[in-house]
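The values are calculated or read from the model by the stated rules, or taken from the named source; none is laboratory data. Just so you know, these numbers come straight off a predicted model, no measurement behind them. Because the Cβ atoms are built from the backbone with ideal geometry, glycine has one as well, and the counts that use them run over all protein chains shown.
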Amino acid sequence: MLATTRRRTLKALGLGGAASLAGCASNAPTANQSTAARTTEGAGTKPVDVDRIAADPTDIPDPIDRDSPAEVDVTLRSEEMTAEVEEGVTFTYMTYNGQVPGPFIRVRQGDTVNLTFENDEANSLPHNVDFHAVAGPGGGAEATMTAPGESVELRFRATYPGAYIYHCAVANMDMHISAGMFGIILVEPPEGMPEVDHEIYIGQHELYTNRSAGEGGHHQFDMASMRAEEPTYVLMNGEKYAWTPAGRGPAVTAGTDETVRVFFVDGGPNLASSFHPIGSVWETLYPDGSLSTDPQTHIQTREVPPGSTTIATMNSPVPGDFKLVDHSLSRVARKGCMAVVRAEGEDRPAIFDPEPA
Ligand SMILES: [Cu+2]
């Protein structure tokens, strides 16, 4: 679990009410925080508000263990906060609950969601949230439009299953999404989803700044490069190589032959991702996060447009590091877009032998 520092202790995204009574309190994603501030090294950077802006890919609520609808309380809090994109490079992100992507929300088809949306009083801008899982005007965007210091409530029923993006949708929505305001709400079908060994959560998006990738110091958001759709960084979970052994954090680990389900969201705001696991294929894949059809099987690379998701599983019979990438590979080599799943277990030369006798 991540140890993060924050400007203040924040309420974790919570589930309460009927869901808690039904024994589903463990569904609440964790967001344990303390209050100290921290300063990065490096000339020209800004003090950071949080050690890691990258969401922990394993921080996903447990599968729904209910056979009837419930009321689910969810709190999303918009927070503008400075953090490192990579070592020596800072950027002032806009976030839901201080992480990129925002918290993974998990409900069951037919559930009623009681959303509290808060706009941190320390923020400088209005924010809101548009859920693609909401059947209603703007996905809730107008209903949740708030100025700094305001808090509003929205009640909606999750009427159709699937994995859906949620994102900020104020007038400069491309800017706000680019700064980090997007995440996944998963609406499980009543019968649930097949059991797997591990689930992880990855969000890709683009950062548009006034400097080059890797140039030290504080990067300002840059409207001209966003208008031209020429991002400085293309990232998974908000930081360059956020969850890679060679980058900022450890790989996600799984045993050989264990199945890993990846919930992937492309926040964009502009670029589609050609999502691929190097050294493997997607064993099963639900295009666009639709759980209304059977999954495709043995898919090498799947395009995920901005504003959409995919749900895919992978497993490896042999040990090694499996890089999750956007196969538009300049984004990997030049702009920071990668995550790693490490498979641990016994070698199997009959399947893969790098040194045949
Ligand atoms: Cu916003």
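Scanning region 90-110 for residues that are within 16 Å of residue 210 (Cα to Cα) and out of contact with any His (no Cβ under 6 Å at 6 or more places or on another chain) yields 92, 93. A single entry from 82, 58, 95 fulfils the requirement of being more than 14 Å from the ligand (Cβ to nearest atom), within 16 Å of the chain's Cα centre (by Cα) and either of a type in the set (Ser, Thr, Tyr) or not assigned by TED's automatic domain parsing to the domain that holds residue 290 (or both): 58.
Here region 139-178 is the region considered, the condition is being more than 13 Å from the ligand (Cβ to nearest atom), in a loop (DSSP other than H, G, I, E, B) and among the hydrophobic types (A, V, I, L, M, F, W, C), and the residue that is farthest from the chain's Cα centre (by Cα) is 143. Here residue 316 clears all of (1) surrounded by 18 or more Cβ atoms within 10 Å (Cβ to Cβ); (2) in contact with a His (Cβ under 6 Å, 6 or more places away or on another chain); (3) not β-branched (Val, Ile, Thr) except the condition numbered (2).
When the residues of region 179-205 are filtered to those that are within 16 Å of the ligand (Cβ to nearest atom) and in contact with a Pro (Cβ under 6 Å, 6 or more places away or on another chain), the one that is nearest to residue 265 (Cα to Cα) is 203. Taking region 280-299 as the range and being of a type in the set (Ser, Thr, Tyr) and assigned to a strand (DSSP E or B) as the test, the residues that pass are 284, 286, 297. For residue 213, the test of being within 29 Å of residue 162 (Cα to Cα), of a type in the set (Gly, Ala, Ser) and crowded, with 16+ Cβ neighbours inside 10 Å is failed.
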